[in-house]
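Have a look at the structure below, then the notes.
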Amino acid sequence: MVRNNDTYPAIRRAINPTKDAMEGFQFIDIILLAMVAGFIVLRLRNVLGRRTGHEPGRDGPAPVRPAADNVVNLPPGLSRKNTSPQNLDIEPAYLGTPLEAGMVQVKMADPSFSADAFLKGASKAFEMIVSAYAKNDLDSLRPLLSPEVYGQFANAVQEREQRGETLISELVVLKPAKFESVEMRGSAAHIAVIFQSEQSNVVKSKSGEVIEGSADHVESVTDVWTFSRDTQSRDPNWMLVATRSVE
């Protein structure tokens, strides 16, 4: 059978649209898609609002922070809400006294600080230092004293040894220690303590002759010793940094 080839274009046009028809359909699709996209954008703007250029965004400027000298870096374990004297666990005996401000500063720097425990430790150090000084025991004095104070004690001990003198000291009574002052100097806590004691001090010459004091005489002595510790250091020990006597 001879087929008319002219019938094939008609069939092909019925099954496969021409190029012009396809381009027409694509143009209509684009218009429809644009209308749908515009509708979605309008809906999103109504729901989420528009940025005006002043809202902080992920790529916007960083938030303004206070200057470094206005920031108080609290020690670990101490939250900002615990900065009042009551929350800092200041002993009631010091609240409302001239010592309170210093106590608060020390407790903020070292929350583990205890006034009562400190005074007990200071009294023990006083006894150890007085005894070691009388015995010329510089090895025991070194870890308890600052380099400056140790140098003064060492010089006195060496001069006494050069003269061949002996100091016999007996701490008869040591009254409860009291605070004179409490303050922070940078990261270092400085605490001055008043020690009132009854002592017997006798100095003997190389030949054993008493050249100063009397074994039968007990004198009242009032000393003010200042202890210091860097609160940022892991070393919990306090060192004697200054001494003076009160007449």
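Could you please give the count of residues in the range 206-219 that are of a type in the set (S, T, N, Q) and either surrounded by 11 or more Cβ atoms within 10 Å (Cβ to Cβ) or in contact with a Pro (Cβ under 9 Å, 6 or more places away or on another chain) (or both)? Steps first, please.
Of the residues in the range 206-219, the ones of a type in the set (S, T, N, Q) are 207, 214.
Filter once more, keeping what is either surrounded by 11 or more Cβ atoms within 10 Å (Cβ to Cβ) or in contact with a Pro (Cβ under 9 Å, 6 or more places away or on another chain) (or both): 214.
Here the count works out to 1.
Just to be sure I understand, how many residues within the range 149-205 are more than 24 Å from Glu219 (Cα to Cα), among the small types (Gly, Ala, Ser) and either loosely packed, with under 15 Cβ neighbours inside 10 Å or over 27 Å from the mean Cα position of the chain (by Cα) (or both)?
6
Restricting to the range 193-247, and then to whatever is assigned to a loop (DSSP other than H, G, I, E, B) and of a type in the set (D, E, K, R), can you tell me which residue is nearest to Glu165 (Cα to Cα)?
That would be Lys206.
Take the residues of the range 123-138 that are assigned to a helix (DSSP H, G or I) and of a type in the set (S, T, N, Q): which is surrounded by the fewest Cβ atoms within 10 Å (Cβ to Cβ)? Full working, then the answer.
Taking the range 123-138 and keeping what is assigned to a helix (DSSP H, G or I), we get 123-134, 138.
This time we only want the ones that are of a type in the set (S, T, N, Q), so: 123, 131.
On the way: Ser123: 17, Ser131: 14.
Out of the qualifying residues, it is Ser131.
What number of residues within the range 204-247 are over 30 Å from Pro147 (Cβ atoms) and among the hydroxyl-bearing types (Ser, Thr, Tyr)?
4
Just name the residue that is surrounded by the fewest Cβ atoms within 10 Å (Cβ to Cβ) out of those in the range 228-245 that are within 14 Å of Glu183 (Cβ to Cβ) and in contact with an Asp or Glu (Cβ under 9 Å, 6 or more places away or on another chain).
Ranking the candidates gives Ala242 first.
Residue check: is Glu165 touching a Lys or Arg at 6+ places or on another chain (Cβ under 8 Å) and of a type in the set (Asp, Glu)?
Numbers: touching a Lys or Arg at 6+ places or on another chain (Cβ under 8 Å): yes; of a type in the set (Asp, Glu): yes.
Yes.
Is there any pair linking a residue in the range 228-240 that is of a type in the set (D, E, K, R) to one that is not in a loop (DSSP other than H, G, I, E, B), with Cβ under 9 Å and at least six apart or on different chains, and which?
Pairs that qualify, where the first residue is of a type in the set (D, E, K, R) and the partner is not in a loop (DSSP other than H, G, I, E, B), are Arg229/Ala188; Arg229/Ala189; Arg229/His190; Arg229/Ile191; Arg229/Met239; Asp230/Ala188; Asp230/Ala189; Asp235/Arg229.
Could you check, for the range 65-84, whether at least one of its residues is surrounded by 15 or more Cβ atoms within 10 Å (Cβ to Cβ), modelled with pLDDT under 90 and within 17 Å of the chain's Cα centre (by Cα)?
Here is the first cut: in the range 65-84, the ones surrounded by 15 or more Cβ atoms within 10 Å (Cβ to Cβ) are 78, 82.
From what is left, the residues that are modelled with pLDDT under 90 are 78, 82.
Filter once more, keeping what is within 17 Å of the chain's Cα centre (by Cα): 78, 82.
The answer is yes; a qualifying residue exists.
Which condition number does Gly164 fail, the rest of (1) touching a Ser or Thr at 6+ places or on another chain (Cβ under 8 Å); (2) under 23 Å from Ser197 (Cα atoms); (3) modelled with pLDDT of 95 or more being met?
Unmet condition: (2).
Each row is one residue, and each column tells you yes or no for (1) over 30 Å from Ile211 (Cβ atoms); (2) of a type in the set (Asp, Glu); (3) in a helix (DSSP H, G or I).
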{"position": "Pro98", "(1), (2), (3)": "yes, no, no"}
{"position": "Gln105", "(1), (2), (3)": "yes, no, yes"}
{"position": "Leu119", "(1), (2), (3)": "yes, no, yes"}
{"position": "Ser140", "(1), (2), (3)": "no, no, yes"}
{"position": "Ala154", "(1), (2), (3)": "no, no, yes"}
{"position": "Leu167", "(1), (2), (3)": "no, no, no"}
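The values are calculated or read from the model by the stated rules, or taken from the named source; none is laboratory data. Just so we're clear, the structure is a prediction, and the values are computed from it rather than from any experiment. Here the Cβ is made from the backbone with ideal geometry for all residues, glycine too, and neighbour counts use every protein chain on show.
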